[in-house]
Amino acid sequence: SVYPNPATSNINIKLNLVNKSEEVQVRIIDAVGRRMMMEDYKNLQNETLNVSIEKLAAGNYYVVLIANGSATVQPFVVTKQ
């Protein structure tokens with residue numbers, strides 16, 4: 001899950017993987033599929049990742065989480081004050 005939504009400066013990505021994943025890739029893409037950010041993590045299972053989104057413009061985005069050979073997509077919104 002991704003929270004808070006909408007977000008202004010940071011998002012939290014809560015992982016609930018069945019098995020520990022040696023490699024986890026987190027991508028943030030915009031509404032037309034352009035990759036805006038990408039981070040690689042090692043040895044995760046049930047963690048919460050805090051990701052800075054301060055450089056993203058206001059708009060709709062998606063978190064793409066790739067782990068253990070499968071991908072999950074969660075939408076979120078960035079708002080600026």
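The values are calculated or read from the model by the stated rules, or taken from the named source; none is laboratory data. These numbers come from a predicted model, not from an experiment. No Cβ is skipped: glycine too gets one built from the backbone with ideal geometry, and neighbour counts run over all protein chains shown. Just the protein is used for accessible areas: all its heavy atoms, side chains included, with ligands, DNA and RNA removed. Shrake-Rupley method; radii C 1.70, N 1.55, O 1.52, S 1.80 Å.
Brief remarks follow.
- From the Kirkwood radius over Cα pairs of the chain, Stokes-Einstein at 10 °C and 1.306 mPa s returns a whole-number translational diffusion coefficient of 124 µm²/s.
- The trypsin sites (Lys or Arg not before Pro) of region 3-81 meeting both criteria, a DSSP state outside H, G, I, E and B (loop) and at most 11 other C-beta atoms within 10 angstrom of the site's C-beta, are 34, 55, 80.
- At full extension, residue 37 and residue 12 could sit 7.5 nm farther apart than now, given 0.36 nm per residue minus the alpha carbon distance.
- Per residue, the accessible area of the chain comes to 64 Å², computed with a 1.4 Å probe over protein heavy atoms only.
- When +1 charges are put on Lys and Arg Cβ atoms and -1 charges on Asp and Glu Cβ atoms, the dipole computed for the chain relative to its Cα centre reaches about 160 debye.
- Value of relative contact order over region 1-75, rounded to a whole percent, pairs C-alpha under 8 Å and six or more apart: 35 percent
- Carbon and sulfur %, accessible surface of the chain computed with the full protein complex present, 1.4 Å: 46 percent
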